[in-house]
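Participant: Dropping a structure here in structure tokens format, bear with me for questions.
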Amino acid sequence: MADNQQPRFEIFRGADAPTLDDCACMTYEGETPNLAAVQPQLMEAMAVRGEYADVPYRREGMSLARLWVKSGFPLPLHTHDCDCLYYIVAGSIRMGTETLSTGDGFFVGAEVPYAYTAGPEGAEVLEFRATDRFNIRVKDKPVAAWEKTAATLREGHARWADEQPPVRKMPEKA
């Protein structure tokens, strides 16, 4: 097969997935001076991780990321430079007034800001993108709001230390 041709069939193993950081497919961009001001507090508050992300599949023009967010973990308001399709494999998330659970999903266009918080059992979310490289731009907020986020992260430590991923339960049909 020529180097520029994409395979027509591939198998990938989730157990072999590199972390999102190791994959180096997401770049952080933008200015967040208030976030930078409270970075030491946030780093201390992240002593027990409330999220884990890996990339089970990636090739030129396509990627699949898997995110596990633990109970109550808040993803900050942010954007990506590409369209993203999300599918909730297990657990639930809250987006504003909406609660999405196993089997639900959402689409976010490029540069559209969004945020969510994991539900009481956490959530496992698949992220599909028609690119193998993308950015993240966290939207800055007042220092007091970042300090509140740090407090939420610290409060989660006791739960998160031994928390297991949510169990997949398909929704019942109406």
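Bear in mind that the values in this text are calculations on the coordinates, not laboratory data. Source: prediction; values computed, not measured.
Participant: Helix 143-160 versus the longest principal axis of the chain: what is the Cα-based angle in degrees, 0 to 90, to the nearest 10?
Facilitator: 70 degrees
Participant: List the equivalent ellipsoid semi-axes of region 106-162 in whole Å, largest first, each obtained as the square root of 5λ for an eigenvalue λ of the Cα gyration tensor.
Facilitator: On the way: eigenvalues 127, 67, 20 Å².
The answer is 25, 18, 10 Å, longest axis first.
Participant: Which three numbers, in whole Å and largest first, are the semi-axes of the equivalent ellipsoid of the chain derived from its Cα gyration tensor as √(5λ)? Could you put the intermediate results ahead of the total?
Facilitator: Working: eigenvalues 148, 89, 51 Å².
They are 27, 21, 16 Å, listed from largest to smallest.
Participant: Pairs of Cα atoms under 8 Å, at least six residues apart: use those to get the relative contact order of region 1-112, whole percent. Intermediate results must be reported in sequence, preceding the final value.
Facilitator: Working: 106 pairs, mean separation 21.6, N = 112.
19 percent.
Participant: Shifting gears a bit: Note down the relative contact order for region 42-174 as a percent, whole number, built from C-alpha pairs under 8 angstrom at least six residues apart. Show your work: numbers first, answer last.
Facilitator: Details: 290 pairs, mean separation 45.8, N = 133.
Rounded, it is 34 percent for region 42-174.
Participant: Turning to a different aspect of this structure: Pulled fully out, how much extra length does the chain show between Asp22 and His157, if you take 0.36 nm times their separation in residues and subtract their Cα-Cα distance? Mind showing how you got there, number by number?
Facilitator: Details: separation 135, 0.36 × 135 = 48.60 nm, distance 2.42 nm.
Length difference between fully extended and current span is 46.2 nm.
Participant: Could you work out the helix-only [θ] at 222 nm for the chain, with each DSSP H run of four or more residues adding -39,500 (n - 2.57) and the total divided by the number of residues, to the nearest 500 deg cm²/dmol? Kindly include the intermediate steps, with their values, before the conclusion.
Facilitator: Working: 4 runs with 34 residues, N = 174.
Calculated mean residue ellipticity at 222 nm is -5500 deg cm²/dmol.
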